[in-house]
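Asks: Please read through the structure below; I'll follow up with questions.
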Amino acid sequence: MEVFRLVFSPIEVNTYILSDNSGLCAVIDCGCFTQSEFEKLTDFISKKNLKPALLLNTHCHLDHIFGNTMFLEKYNLGTFCHKEEEVNRKDSIHIAGVFGMTMDTPPEPAGFIEDGSIVSFGNSELQALFVPGHTSGSLAFYSKKDKIVFTGDALFAGSIGRTDLKGGNYETLIQSIRSKLFVLPPETIVYPGHGEPTTIEREMNTNPYFS
């Protein structure tokens with residue numbers, strides 16, 4: 001599996017494009033805020049000769065779902081997320097206003113996935129890991145074969161997600177990271193929702209929230 005990262009919106013969210021030798025791809029957290037940003041994503045997908053087959057959301061804070069409507073209109077693909085994220089999806093227009101932004105009502109998900117669910121595209125599989133704490137329905141997506149995990153806003157390089165927003169809980173997040181992420185192989189590459197990649201081993205040894 002190849003992983004590509006594009007950064008979108010004033011909130012600088014990571015949008016990941018995953019591909020394999022099937023020619024199909026998955027997108028995690030389509031954060032395109034404007035049409036021009038979405039064209040940057042679609043141009044990238046086109047130049048790589050990829051066909052989108054799966055859209056996933058680690059959670060439904062507004063910056064992670066900005067592009068869901070455009071993605072649905074372009075590729076006829078709705079997102080999959082945890083059912084607990086419906087409150088954040090529905091609240092995103094209000095939150096956008098708080099940030100001085102505007103956005104359309106995000107489309108309803110194509111379906112919901114839970115802890116342990118397997119989602120696939122092409123020849124690749126990802127396992128959903130339930131990691132609440134940043135939000136009540138946060139998911140990480142893990143590929144055992146490729147030793148990579150997409151952690152959304154649960155775990156960052158040198159930090160963790162904020163827990164002062166609706167559905168957030170510090171103790172829950174710490175427990176989620178310890179029980180679902182720090183049990184992965186140490187060499188597992190962590191692709192977070194914001195910022196640079198890291199590894200499980202590095203975060204276990206140097207992340208100030210766990211040292």
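The values are calculated or read from the model by the stated rules, or taken from the named source; none is laboratory data. Computed from a prediction, not measured in an experiment: that's the story for all the values here. Reconstructed Cβ throughout: ideal geometry from the backbone, glycine too, with neighbour counts over all protein chains shown. Only protein heavy atoms, including side chains, enter the accessible area calculation; ligands, DNA and RNA are left aside. Shrake-Rupley method; radii C 1.70, N 1.55, O 1.52, S 1.80 Å.
Asks: Amide H of ILE148: which non-local residues (sequence gap of 5 or more, or other chain) have their own amide H closer than 5 Å, using H built in the peptide plane?
Replies: For ILE148, the qualifying residues are SER143, ILE189.
Asks: Just need log10 I(q)/I(0) for segment 98-194 at q = 0.18 Å⁻¹, Debye formula, equal scatterers on the alpha-carbon atoms, no solvent, rounded to two decimals.
Replies: -0.89
Asks: Considering the values (1) 63; (2) 50; (3) 40, which represents percent of Cα pairs over 23 Å apart as calculated for the structure under consideration?
Replies: (3)
Asks: Compute the FRET efficiency between SER179 and PHE4 as 1/(1 + (r/R0)^6), taking r as their Cβ-Cβ distance and R0 = 35 Å, and round to the nearest 0.05.
Replies: Details: r = 30 Å, r/R0 = 0.85.
Computed FRET efficiency for SER179 and PHE4: 0.75.
Asks: Also: Testing the spin-label approximation: label points 7 Å from Cα along Cα→Cβ at PHE99 and LYS74. State their distance in nm.
Replies: For PHE99 paired with LYS74, the spin-label model returns 1.9 nm.
Asks: Which of the peptides 132-143, 114-125 is most tightly packed, and how do the rest follow, judged by the mean count of other Cβ atoms within 10 Å per residue?
Replies: 132-143, 114-125
Asks: So what is the relative contact order of the chain, in percent, for Cα pairs below 8 Å that sit 6 or more residues apart? Provide the component values of the computation, followed by the final result.
Replies: On the way: 460 pairs, mean separation 32.4, N = 211.
Reported as a whole number, the value is 15 percent.
Asks: If I compute solvent accessible area with a 1.4 Å probe over the protein chains, what percent of it on the chain is carbon and sulfur?
Replies: C and S fraction of accessible area: 49 percent.
Asks: Shifting gears a bit: Need the full-extension length gain, ASP43 to LYS83, defined as separation in residues times 0.36 nm minus the C-alpha distance. One decimal, nm.
Replies: Net length gain for the segment: 11.3 nm.
Asks: Could you size up the charge dipole of the chain around its Cα centre, putting +1 on the beta carbon of Lys and Arg and -1 on that of Asp and Glu, and report it in debye to the nearest 20?
Replies: Charge dipole, the chain, about its Cα centre: 280 debye, nearest 20.
Asks: Still on this structure, please answer the following. Roughly what would the spin-label model give for GLU12 and ALA110, points 7 Å off Cα along C-beta, in nm?
Replies: Output for this residue pair reads 3.1 nm.
Asks: Tell me the mean residue ellipticity at 222 nm calculated for the chain from its helices only (DSSP H runs of n ≥ 4, each -39500 (n - 2.57), averaged over every residue, nearest 500).
Replies: -7000 deg cm²/dmol
Asks: Further question: Sort 44-52, 185-193, 149-157 by packing, meaning the average of other beta carbons within 10 Å per residue, with the highest value first.
Replies: The peptides rank, most packed first, as 149-157, 185-193, 44-52.
Asks: While we're here: Any chance you could run the full-extension gain for ASP164 through GLU187? It's 0.36 nm times the residue separation minus the Cα-Cα distance, nm to one decimal.
Replies: 5.2 nm
Asks: Continuing with the same structure: Out of the DSSP beta bridges found with both residues in segment 1-137, what percent are antiparallel (nearest 5)? Show your work: numbers first, answer last.
Replies: Values: 15 of 24 bridges.
Looking only at bridges with both residues in segment 1-137, the antiparallel portion is about 60 percent.
Asks: Under 20 Å from the Cα of LYS47, which lysines turn up, not counting those fewer than eight places away in the same chain?
Replies: LYS74
Asks: How much accessible area per residue does segment 77-184 have, counting only protein heavy atoms and a probe of 1.4 Å, in square angstrom?
Replies: That works out to 46 Å² for each residue.
Asks: Tell me the relative contact order for segment 95-134 as a rounded percent, counting alpha carbon contacts under 8 Å between residues six or more apart.
Replies: Dividing the mean separation by the residue count of segment 95-134 yields 27 percent.
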